[in-house]
Amino acid sequence: MDIWSNVASMLLDWQVIAFLPLGVLMGAIIGAIPGLTITMSISVLLPFTLFLDPLPGLVLIFGISKGGLYGGSISAILLNVPGTPAAACTMLDGHPLARKGRAGEALDAALWASFIGDMISVLALILLAGALAQLGLQFGPVELFALIVFSLTIIAAISNAGLLRGMVGGTLGLLAGTVGLDLAYGSERFTFGSPNLYDGIAFMPLLVGLFALPDILLYYFGPREIHRSETDNQTDASRRLSLSNFRMILPTILKGSGIGVILGAIPGIGATASTFVSYAEAKRSAPDRAEFGEGALSGVAAAESANSGTGASTLIPLLALGIPGDIVGAMLLGAFYFHGLAPGPLLFTNNMDFIYALYITLLISSCIVLVVGMYGTQYIRRIVDIPRDILFPIVLMLTVLGSFAISNSIFDVWIMLIAGIVGIGFRALRISEAAFLIGFVLSPLLENNMQRVLIISRGDMWAFFDSWMAIFFYAATAIAILMRIFMPVFESRKARLAHSGVR
Amino acid sequence: MIQRFLPGLIVLVTGVVILTVLIPMGIADPGFKQPNSLAPDDFPRYMACVVIALGGAMLVMDWRQPEYAPRAPGPFDVRRAFPFAVALVGTVLAIPLIGIEASAFMFTVGMLVLVSDLGWRGALAVGVGFVVLIHVLFIRMAGIPIPSTPDILF
């Protein structure tokens, strides 16, 4: 009974009540503006949430993430510009529908698919995270070491940059994570006498620099772009989705949500890949599959349900095991640590009231997405066309303000600016920034568990294989690497055979 | 041709520099080492070796698969980039001296006047609105400890 009164008092905090809808609304607007990504906006706003209590701060971030997943579909459907990478599939059928005068139907299909996908995702989180955390309680240093190696490899293997560049990003992240005082001896590592680096490279300035700055810096480093209004060809969005069409797309939504939940829970896959898998499945099985590419409601529903289906399921490995599944997960892990909360099995033992409150806010925010979508889309579509010339100076000042505010130090602002230049370098060399960030976050955990295994086993290297669970993770790691290497070879051979068969 | 090998070469050189220069110079020796444990420089050294191996692998792959060659991050216009960089660095340096509101106002209005099509009035309106938002939302309500112009001036 006591736990529920704690939950109620957390939920009735004015900050939670205010930031729940505010986060979703901000996310929907940001997600709808082409050129502003969810990762960019979360990285800009995350430092400010650290001055709030843990729940309101996290609620704001979750709201931005959820609203952003839906908001991306608005510009994809109306402007033929995906607001987020994951909305690219929505654009394939959403914009042709808008050009046929069925923009309202497409937006409704996207909204309901987002809502149902998100709800199923939150329910999966509620059902699975606790069970996985129970399993996680049995993990010792050997299993944790193997799990981190598995997660880092999967993230590298699936990254768009390719296996090798993903691994380079992850390893450089692990190296960057060693800056500061050594865990066992207290020796200075790569601080070069600077007390600002004793606690390591500050997470927030690094995050802001890597994910928010490169786009802005590259915009100002290049020649000026003439802003062309994208909203000239706005179409009528008053026509709504009929009940019969909703019934038609419902199985696709449920299937897409399932795909999003399953793929989202695997570290590294994330929303973009899930939407493409769901879209391909719907193209094979949906009732209106003949219209795919020319304006099929099922195409929009498949992409959006999978997109939102990943929303909460990416939190399963984060909350249960403390392993971030994607960039947003890594950002949230940093936020949890900053608030004195360590995601993982012990969070479920020591902070159950917090977990329940988080679950309830996630469910409420799904409903807020529905309300914002039903009544706010017509207003959001009017403000998505803000030129970057106006947007970027403001965003840039917010990044400076956020980085400075963390420790009231100009040093962190320089860290942010250097990280921005490094981020541009990563893009030029096609090295994965996501793998770098996750490597950076997991570095102390990996080294600490490696240290513990060696001390407990008295230096016996076989101790790293002294557990069936660890062997399972190593085997999964090896399979992921082999699949990444050999799948393209098999596919090109298959394509060559098909090509010669046609000839 | 050489450009194709640039990413692998940069990664390889980075790994070698970390292993041979940064680790010996940047990690303090604790003077003793517990048996069967990692010394402060062990983990970074292992990672540097992995970076070198990956750099070598990238060189081989970039030789066999030229489609992974580096790409220019975007066009570069020094007439725009240099004043922007100076303005940004100047703004950062000005924060402790004149506070965030004045620094943000000057930077925002300057960028809007010089780069956007807003004009003076629009730029001033956006600049004032943004500064008021910073002051009310971040400094007064959220209590973020950052040098504030009213506190410095008055």
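Laid out as a table, the results:
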quantity: Low-density loop cleavage sites - chymotrypsin sites (Phe, Trp or Tyr not before Pro) in region B:1-110, where at most 10 other Cβ are within 10 Å (DSSP); calculated: B:PHE32
quantity: Compactness index (Cα Rg / 2.2 N^0.38 Å), chain B; calculated: 1.65
quantity: Interchain or long-range residues, amide H under 5 Å from B:ILE27's placed H; calculated: A:PHE190
quantity: Surrounding net charge for A:SER9, when Lys and Arg each add one and Asp and Glu each subtract one, Cβ distance under 14 Å; calculated: -4
quantity: Phi to ³J(HN,Hα) by Karplus 6.51 cos²θ - 1.76 cosθ + 1.60 over region A:396-410, Hz, x for Gly, Pro; calculated: 4, 5, 5, 5, 5, 4, x, 5, 5, 5, 4, 10, 6, 9, 5
quantity: Kirkwood hydrodynamic radius over Cα pairs of region A:1-102, then Stokes diffusion coefficient at 10 °C and 1.306 mPa s, in µm²/s; calculated: 109 µm²/s
quantity: In order through region B:104-109: 3J(HN,Hα) via Karplus (6.51 cos²θ - 1.76 cosθ + 1.60), integer Hz, x for Gly, Pro; calculated: 5, 4, 5, 5, 5, 5
quantity: Centroid-to-centroid separation of region A:424-460 and region A:94-141 [C-alpha atoms, Å]; calculated: 30 Å
quantity: Scaled radius of gyration (Cα, divided by 2.2 N^0.38 Å) that region B:78-153 gives; calculated: 1.15
quantity: Hydrodynamic radius (Kirkwood) for region A:387-457, which is based on Cα pairs only, to one decimal in Å; calculated: 15.0 Å
quantity: Calculated from backbone phi, Karplus (6.51, -1.76, 1.60) coupling profile of region A:271-285 in Hz, x at Gly/Pro; calculated: 6, 4, 5, 4, 5, 5, 5, 5, 4, 5, 5, 5, 4, 7, 10
quantity: Proportion of all alpha-carbon pairs of region A:102-164 beyond 17 Å (%); calculated: 67 percent
quantity: Fluctuation leader among B:ALA39, B:ALA81, B:ALA123 - chain B, Gaussian network, Cα springs under 10 angstrom; calculated: B:ALA39
quantity: Mean separation of Cα contacts under 8 Å, 6 or more apart, over the residue count of region A:296-422: relative contact order %; calculated: 11 percent
quantity: Cα shape, region B:2-64, gyration tensor, a/c 1.5 rule; calculated: oblate
quantity: GNM flexibility winner over chain B from B:MET106, B:MET58, B:MET25 (Cα, springs under 10 Å); calculated: B:MET25
quantity: Radius 12 Å from Cβ of B:MET25, net charge of other residues (Lys, Arg +1; Asp, Glu -1); calculated: -2
quantity: Per residue, in Å², the accessible surface of chain A once ligands and nucleic acids are set aside, probe 1.4 Å; calculated: 38 Å²
quantity: Whole-angstrom Cα spans of chain A along principal axes, big to small; calculated: 69, 60, 58
quantity: For region A:301-322 versus region A:346-410, the gap between their alpha-carbon centres in whole angstrom; calculated: 17 Å
quantity: Carbon plus sulfur fraction of accessible area for the protein assembly as shown, probe 1.4 Å, in percent; calculated: 67 percent
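The values are calculated or read from the model by the stated rules, or taken from the named source; none is laboratory data. On a predicted model such as this, the values are computed, not experimentally measured, just so you know. Positions of Cβ are backbone-derived with ideal geometry, glycine not excepted, and every protein chain shown enters the neighbour counts. Keep in mind that these areas ignore ligands, DNA and RNA; they rest on the heavy atoms of the full protein, side chains included. Shrake-Rupley method; radii C 1.70, N 1.55, O 1.52, S 1.80 Å.
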